[in-house]
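Any read-out appearing in this document is the output of simple, stated calculations on the displayed coordinates, not a laboratory observation. Fair warning: this is a prediction, and the values are worked out from it, not measured in the lab. Here the Cβ is made from the backbone with ideal geometry for all residues, glycine too, and neighbour counts use every protein chain on show.
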């Protein structure tokens with residue numbers, strides 16, 4: 001039984017990539033540039049509040065249904 005499907009791992013990878021991009025943008029010099037002040041916080045919020053939670057909570061209904069049908073026979 002697999003806990004995560006391929007979609008979960010891809011979503012988690014996308015979230016981690018967005019975190020890297022957000023922190024990279026946040027660290028750009030000078031500190032008062034528009035990327036560091038305006039774009040980076042939204043990228044980080046999107047990664048932390050949308051993409052990563054979705055990748056952890058999203059379940060593959062086909063996998064769950066198939067596993068549920070297989071467990072009924074037991």
Per the 1/(1 + (r/R0)^6) rule, R0 = 22 Å and r from the Cβ atoms of residue 34 and residue 14, FRET efficiency to 0.05 is 0.35
Label model pair residue 21, residue 3: point-to-point distance (7 angstrom along the Cα→beta-carbon line) in nm is 2.8 nm
